[in-house]
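S.K.: Supplied in structure tokens, the structure appears directly below.
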């Protein structure tokens, strides 16, 4: 190592030490108490949302100077989304990265995000969630005992099954498809001619393996990391809905945190959510390539067939936009229309 290299190495060490002192100093200056929180989610440890959860836990512990510790329980080991939603409401589970759709049984307005063929791009989703509609949904969730600290990405959903490729709506006829425990999904897939089977996520792999259901629908990241290719032959890229994950803290826990602790939890959740969304979007092409390599037969629904499918679903879209949100549903659809007009 020459003189310049030694100097550069020494400089890096000093900068790291200074950064560590700043972090430790900030933690000491703030009023952080000792806490140990449970963070639950249903996905596999290598899923982007699980990576986002790990990032959040690391940031919380680091920036609290080790006073606030987060233990992660993934893979649905402490329950499915519906069960964890109840646990968060009750304060038994402090933190959660929850699939938005099952929460609609508690906060109906969040079901607006599930309206089929409503979002076209991730940027549309980001704008809606960061705007008045997302804020209104968060306020409704707070009223039900869950404080929203961020939105992570589950993604656009596609259909897998063990029978045949889905190239047109008629190909769905008679298939038993596992769907989320959410009225929008049940109505949508029944309208498309399938036998919709609502089921908690931790039960899905076994149901596919045993042929209790023919198929399921999920984003590519979930299909990949859950190894559904082992029990499903066909993957049809339909992008029929978009599902976010909601980053929440129990309101019973939140109200006991002091202002410094609340600020820390909110800032770290926002940072981890932005990191997770970036990881998720960069990983989609890799997930698809890996599923093809593992032998899945992949096809993409044509724009014309997607339009046919959406047309068939218009009664479902209109009904639930009104029933779930009324004016809020109309506001969301108008906001998306404005985003598309400005993008032209």
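S.K.: Somewhere in the range 182-197, is a residue in contact with a strand residue (DSSP E or B) (Cβ under 7 Å, 6 or more places away or on another chain), under 19 Å from residue 111 (Cα atoms) and in a strand (DSSP E or B)? Don't jump to the end; show me each part of the working.
M.R.: To start, the set of residues in the range 182-197 that are in contact with a strand residue (DSSP E or B) (Cβ under 7 Å, 6 or more places away or on another chain) comprises 185-186, 189-190, 194-197.
Next, only the ones that are under 19 Å from residue 111 (Cα atoms) stay: 185-186, 189-190, 196-197.
Checking the rest, the ones that are also in a strand (DSSP E or B) come to 196-197.
Yes, the range 182-197 contains a residue that is in contact with a strand residue (DSSP E or B) (Cβ under 7 Å, 6 or more places away or on another chain), under 19 Å from residue 111 (Cα atoms) and in a strand (DSSP E or B).
S.K.: Out of 27, 50, 87, report the one residue that is over 14 Å from the mean Cα position of the chain (by Cα) and either surrounded by 19 or more Cβ atoms within 10 Å (Cβ to Cβ) or modelled with pLDDT under 95 (or both). I'd like the intermediate steps shown before the answer.
M.R.: Working: 50 fails: over 14 Å from the mean Cα position of the chain (by Cα); 87 fails: either surrounded by 19 or more Cβ atoms within 10 Å (Cβ to Cβ) or modelled with pLDDT under 95 (or both).
None of the other options fit; the residue is 27.
S.K.: Would you confirm whether or not the range 209-226 contains a residue that is modelled with pLDDT under 95, under 20 Å from the mean Cα position of the chain (by Cα), buried (at least 22 other Cβ atoms within 10 Å of the Cβ) and not in a helix (DSSP H, G or I)?
M.R.: no
S.K.: Let me ask something else about it. Here are the criteria: (1) closer than 23 Å to residue 201 by Cβ; (2) surrounded by fewer than 16 Cβ atoms within 10 Å (Cβ to Cβ). Tell me which single one residue 146 does not satisfy.
M.R.: Exception for residue 146: condition (2).
S.K.: Would you point out which residue out of 111, 96 is within 17 Å of residue 247 (Cβ to Cβ) and not in a loop (DSSP other than H, G, I, E, B)? Please lay out each step first, then the result.
M.R.: Details: 111 fails: within 17 Å of residue 247 (Cβ to Cβ).
Answer to the selection: 96.
S.K.: Tell me, please, whether a residue that is over 30 Å from residue 288 (Cα atoms), part of a loop (DSSP other than H, G, I, E, B) and touching a strand residue (DSSP E or B) at 6+ places or on another chain (Cβ under 8 Å) can be found in the range 65-72. Walk me through it before giving the result.
M.R.: Restricting attention to the range 65-72, the residues satisfying the condition of being over 30 Å from residue 288 (Cα atoms) are 65-71.
Those still in the list that are part of a loop (DSSP other than H, G, I, E, B) too: 65-67.
Now narrow it down to the ones that are touching a strand residue (DSSP E or B) at 6+ places or on another chain (Cβ under 8 Å): 67.
Looking for residues that are over 30 Å from residue 288 (Cα atoms), part of a loop (DSSP other than H, G, I, E, B) and touching a strand residue (DSSP E or B) at 6+ places or on another chain (Cβ under 8 Å), one finds at least one in the range 65-72, hence yes.
S.K.: When you go through 326, 295 one by one, which is the residue that is surrounded by fewer than 19 Cβ atoms within 10 Å (Cβ to Cβ) and at pLDDT below 95? Can you show your working first?
M.R.: Working: 295 fails: at pLDDT below 95.
One residue alone meets the criteria, 326.
S.K.: Checking residue 156 against (1) surrounded by fewer than 24 Cβ atoms within 10 Å (Cβ to Cβ); (2) outside any helix (DSSP H, G or I); (3) over 17 Å from the mean Cα position of the chain (by Cα), which single condition isn't satisfied?
M.R.: Here residue 156 meets the rest and fails (3).
S.K.: Identify all residues within the range 229-243 that are under 10 Å from residue 116 (Cα atoms) and in a strand (DSSP E or B); write none if there are none.
M.R.: Filtering the range 229-243 down to residues under 10 Å from residue 116 (Cα atoms) leaves 239-242.
242, the sole residue that qualifies.
S.K.: Additional query: Does residue 342 fit the bill of being at pLDDT below 95, farther than 20 Å from residue 112 by Cβ, out of contact with any helix residue (DSSP H, G or I) (no Cβ under 7 Å at 6 or more places or on another chain) and surrounded by fewer than 20 Cβ atoms within 10 Å (Cβ to Cβ)?
M.R.: yes
S.K.: Scanning the range 33-47 for residues that are in contact with a strand residue (DSSP E or B) (Cβ under 6 Å, 6 or more places away or on another chain) and more than 22 Å from residue 281 (Cα to Cα), which turns out surrounded by the most Cβ atoms within 10 Å (Cβ to Cβ)? Explain how you work it out, then say what you get.
M.R.: To start, the set of residues in the range 33-47 that are in contact with a strand residue (DSSP E or B) (Cβ under 6 Å, 6 or more places away or on another chain) comprises 35-41.
Imposing the further condition that a residue be more than 22 Å from residue 281 (Cα to Cα) reduces the set to 35-40.
Values: 35: 17, 36: 10, 37: 18, 38: 18, 39: 22, 40: 26.
My answer is 40.
S.K.: If I filter the range 93-105 down to residues being in contact with a strand residue (DSSP E or B) (Cβ under 8 Å, 6 or more places away or on another chain) and over 18 Å from residue 44 (Cα atoms), which single residue comes out as surrounded by the most Cβ atoms within 10 Å (Cβ to Cβ)?
M.R.: Keep residues of the range 93-105 that are in contact with a strand residue (DSSP E or B) (Cβ under 8 Å, 6 or more places away or on another chain), which gives 93-101, 103.
Of the ones still in play, those that are also over 18 Å from residue 44 (Cα atoms) are 93-94, 101, 103.
Numbers: 93: 25, 94: 22, 101: 25, 103: 29.
Restricting to residues being in contact with a strand residue (DSSP E or B) (Cβ under 8 Å, 6 or more places away or on another chain) and over 18 Å from residue 44 (Cα atoms), the top hit is 103.
S.K.: A further question on this structure: Exactly one of these conditions fails for residue 166: (1) within 26 Å of residue 83 (Cβ to Cβ); (2) part of a loop (DSSP other than H, G, I, E, B); (3) touching a residue at least 60 places away in the same chain (Cβ under 8 Å). Give me its number.
M.R.: (1)
S.K.: Right, here's the next one. Filter the range 301-340 down to the residues that are over 19 Å from residue 138 (Cβ atoms) and outside any helix (DSSP H, G or I) and list them by number.
M.R.: Passing the criteria: 301, 302.
S.K.: In contact with a helix residue (DSSP H, G or I) (Cβ under 7 Å, 6 or more places away or on another chain) and under 21 Å from residue 110 (Cβ atoms): is that true of residue 274 in this structure?
M.R.: On the way: in contact with a helix residue (DSSP H, G or I) (Cβ under 7 Å, 6 or more places away or on another chain): no; under 21 Å from residue 110 (Cβ atoms): yes.
When the stated conditions are applied, residue 274 does not pass them.
S.K.: Could you please find all residues in the range 128-143 being assigned to a helix (DSSP H, G or I), surrounded by fewer than 16 Cβ atoms within 10 Å (Cβ to Cβ) and either in contact (Cβ under 8 Å) with a residue 60 or more places away in the chain or at positive phi (or both)? Show your work before the answer.
M.R.: Keep residues of the range 128-143 that are assigned to a helix (DSSP H, G or I), which gives 128-130, 132-143.
Restricting the remaining residues to those that are surrounded by fewer than 16 Cβ atoms within 10 Å (Cβ to Cβ) gives 130, 132, 135, 139, 142-143.
Within the range 128-143, 132, 142 qualify.
S.K.: Does residue 246 meet the test of being more than 24 Å from residue 307 (Cβ to Cβ), touching a strand residue (DSSP E or B) at 6+ places or on another chain (Cβ under 6 Å) and in a helix (DSSP H, G or I)? It would help to see each step written out before you state the result.
M.R.: On the way: more than 24 Å from residue 307 (Cβ to Cβ): yes; touching a strand residue (DSSP E or B) at 6+ places or on another chain (Cβ under 6 Å): yes; in a helix (DSSP H, G or I): no.
It is false that residue 246 is more than 24 Å from residue 307 (Cβ to Cβ), touching a strand residue (DSSP E or B) at 6+ places or on another chain (Cβ under 6 Å) and in a helix (DSSP H, G or I).
The values are calculated or read from the model by the stated rules, or taken from the named source; none is laboratory data. Keep in mind it's a predicted model, so treat the numbers as computed, not measured. Cβ: placed from backbone, ideal geometry, glycine included. Neighbour counts: every protein chain shown.
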